[in-house]
1. Could the peptides 600-610, 148-158 be put in order, highest first, of the mean number of other beta-carbon atoms found within 10 Å of their residues?
2. Per-residue HN-Hα couplings for region 208-222, Karplus 6.51 cos²θ - 1.76 cosθ + 1.60 at θ = phi - 60°, whole Hz, x for Gly and Pro?
3. Take peptides 367-374, 489-496 and line them up by average Cβ neighbours within 10 Å, highest first, as a rough protection proxy.
4. For the cross-link pairs 444/478; 322/574; 394/444, which exceed 25 Å when the distance is taken from alpha carbon to alpha carbon?
5. Hey, what's the Kirkwood Rh for region 137-196 if you take every pair of different alpha carbons, in angstrom?
6. Compare the peptides 386-392, 341-347 by average per-residue count of other Cβ atoms within 10 angstrom and give them in order, highest first.
7. Using 21 Å as the Cα-Cα cut-off, could you pick out the over-long pairs in 365/414; 254/550; 139/254?
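Values quoted throughout were computed directly from the atomic coordinates according to the rules given, and no laboratory measurement underlies them. In this text the structure is predicted, and so the values were computed from the model without any measurement. With ideal geometry, Cβ positions are generated from the backbone for all residues, glycine too; neighbour counts draw on all protein chains shown.
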Amino acid sequence: GGSHTTTPQTPNRPLVGGGAAAGIGGVNGSPGRSPPGSGSGNGSGSGSGLARGTSGGGGVMFSVLFSEPLAWRDMNGGLHPVETTGLDFDYERDMLRRTFLEARQPIQLHFNYATTERLRSMVTLGCHALHFSGHGHPKCLTFEDGAGGLQVVPPQLLRDLCAAGNRQRLQFVFVSACHSLLAGEAFADAGVPHVVCVKKEAELLDSAALAFTRAFYLALVVGDTVQNAFNIGQQAVAASPHVSRQLGRQERDKFLLLPEPTSDTDDRHNVPIFGQEALQNMKDLLAAAGVGVDDGPEGSLGTLGLHQRNQFLTSLETMTSKALMELLPRPPEDFVGREVDMYRTLSQLTVRRMVTVIGPDGCGKSALAAALCQYLAARSFFPDAILHVRMRNKSGLDQLLSQLVHAIEAQQAKFTALSNAAADSNIIDPLNLKSMEPERLPPKPASGDVESLSEWVFECLVSRKALLVIDHVELLLKQDGGSGTDLKIFLGQLFDRVRGIKVLLTSSSPVGMGASSSANSVSADGKEHQLGHFVGVVEAVVQLGHLNLKDSVRLFSRLSNHLNTAQARREFVKLLVTEDQAGVTIYSRNLAPRSLRLLEALGNGLAGRIVQIAYRNDEEYFRRILNIATQRLQPQGAIGGAEIRVSNPHSNVPQGGHTPQSFTGEGQGQGQGQGQGGGGRGGGGGGV
């Protein structure tokens, strides 16, 4: 197999097993290539196939790239969040998977995150169709940089990525992002014959994008022409129950199909790109290029297995990352405002082996750790394991080890079951099934003492590149007279024995491991241990502060029962948050009196307190927050402190202003969007 990568810039290996298949037509491993018909490549694992884009399992290759960077950096080096709460990638991924299953066509479906390296690899491997989903910009597309940051990809770079090397096999691209006309034109200029995009000046409702995508792909994949599928997608937007009647026609007309016909007789888009006719067209093109193709029942374009079962192949990395995500805790549904903090934590993990996230109770440390686990698992940053242990209501090292043993065994069982299921259902290329089999665990010790369990854990992880997450580690630090000696000794031994391990901790204070930890200590077993530098490991600390005003209001608006539609939530945020005060926190020097009172009303920006306030469902309290926003409260009043007298909750609202009823959705018409509400796909313009 191929070598491991020590940094997450190129997370191409599978999460378990010895390596991903990467021959021509292989799945998402390193892009190793070998001649047609060969059984080996210079990447990890092996693969075979008669032509790029048509793997040994049969079917054309369809790649879906999602772009969800956490932060972008300005010219002065300042970090800014990339708000993606309006984009429901999980829903879009599931919708695409269901659509392709419903179509029952021979297709290899790959889900990945959009980096320039990944796009180039997909084109090189013979990707037949590409779907990009993310935020758009009038002058570029926004990709991920491989480490949580945003990479600007201008049209010229898109053209170069798709056209370099004369390996053009890409037949179709869908750029599902706002302002994506220039990007669409770049793909078309690179020789892609069919491109769907959105008008340059247009922002697209997420609900409209999902309605178009499902209808368009269902028609396209069953063998309809690109033009007919495009027309069906437009009709679906106009008829969607999630897009208001007033906006339906407007949203429908934002979609474009490029290159635009040059005359009434130009029927360039009246061709299928999936189905039997498209496969025959592909065969003819390959034959014209001098590539031999076997038509028989075992041929890549024949009726090999997949065609007989009318199923589609999915990639190894897609299945394993999804399985790992199911094992890990998920952040709260309304997790907002921590994109920059996640980026800072991830940046530290790329250069340090131990990172501790600290902050006051209720600030969201556990939620951030859970969100980061999901983010890392989805992108295969840690190819062998991500193990999460929560120490709430647990305080001993023996309890930590017991949970860690359970997490290792749970992952082993999950991937063993996944490997068996993949073999039974034939949704993974048989050549790649071997790489899905997890390594056998060593025999579990008969004794459950700390030393035996520690040794078993070290043996399980010794050859793996993994992340260990310990939540609420402050409970362990209270042991041993407040020194946390047992924990520090365990971590020191872990770093020494398992060279590929990294550790993420959440705590109310730093653990205290690093250059200053040089003394010897005696553990609970009476043995003397040297703390020292722990084989060069230094603790990196990320301070998690209070939410700013905008994120505090956004979180409250998502939780409050008095705001029942996406439109109501947007208007509520707009009323309470001014542009110049959006980024202030309770400790900011430029905090205006009005903003101070709003933050005090919203738990000083602590996420845990905001949740408690919203769940109280107190209508009077909600009205008081509105009155603060309109600056009509008595000067000495304070929500949560002195009593505030409001004789008529509506009398203080200025002419044409909002009342509590304005935000309950009464008489406001239909809310736009899917799930939590219709977010926009424009950069920073998404609804919450």
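1. Those peptides, ordered most packed to least, come out 600-610, 148-158.
2. For region 208-222, the Karplus-derived couplings read 5, 4, 5, 5, 5, 4, 4, 5, 4, 6, 4, 5, 5, 6, 7 Hz, x marking Gly and Pro.
3. Put in order of decreasing packing, that is 367-374, 489-496.
4. Pairs exceeding 25 Å: 444/478; 322/574.
5. It works out to 11.8 Å.
6. 341-347, 386-392
7. 365/414; 254/550
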